[in-house]
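So the structure is just underneath, and the comments pick up after that.
What follows is calculated from the coordinates using simple rules that are stated; it is not laboratory data. Since the model is a prediction, treat every value here as computed from it, not as a measurement. Using ideal geometry, Cβ is built from the backbone for each residue, glycine included, and neighbour counts are taken over all protein chains shown.
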Amino acid sequence: RPRRVPQAHLRDGEGELRDFGARMATLRPGSSRAAALATAYSAAASFADAQVGRVLREGLDAHNLTASTLVALCGDHGFKLGHGGSWGKHTLLRADTRVPLVLAGPGVRAGVEVRVPVELLDVYPTLLR
């Protein structure tokens, strides 16, 4: 449990995992079920990552569109898999309130990391400008 965080901010309804009911009781960090869930989750994330690479390689690179295409990739922040004693993603902890956003293409400097909050609702109108 993180220090100096109000208990109300740590209440996690376990969101999507809530429907698993009694099975949640066996999802303790270090348990075999927790390890199996983390392994399956990592496999799914790895597969999704490979598909993004495939789209970029076969869709853009193969058709010489890379230099003229702006790519915006954003995603869900995913599950915590036991981090902070929580499995879901419905707390006010940093891991629950941040998501990845990657931009690449013409006019976008490579390798720049921005550490200020970005509202994903603003991404589409911003890209239209």
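Please give me the summed charge of the neighbours of His63: other residues whose Cβ is under 15 Å from its Cβ, Lys and Arg +1, Asp and Glu -1. Around His63, the surrounding residues sum to 0. Estimate the FRET efficiency between Ser32 and Glu58 by the formula 1/(1 + (r/R0)^6), using the beta-carbon distance for r and 41 Å for R0, to the nearest 0.05. Working from the Cβ atoms, E equals 0.60.
Which shape class applies to the range 26-126: rounded if a/c is under 1.5, otherwise prolate when a/b exceeds b/c and oblate if not, where a ≥ b ≥ c are the square roots of the Cα gyration tensor eigenvalues? Oblate, since a/c reaches 1.5 and b/c is not below a/b.
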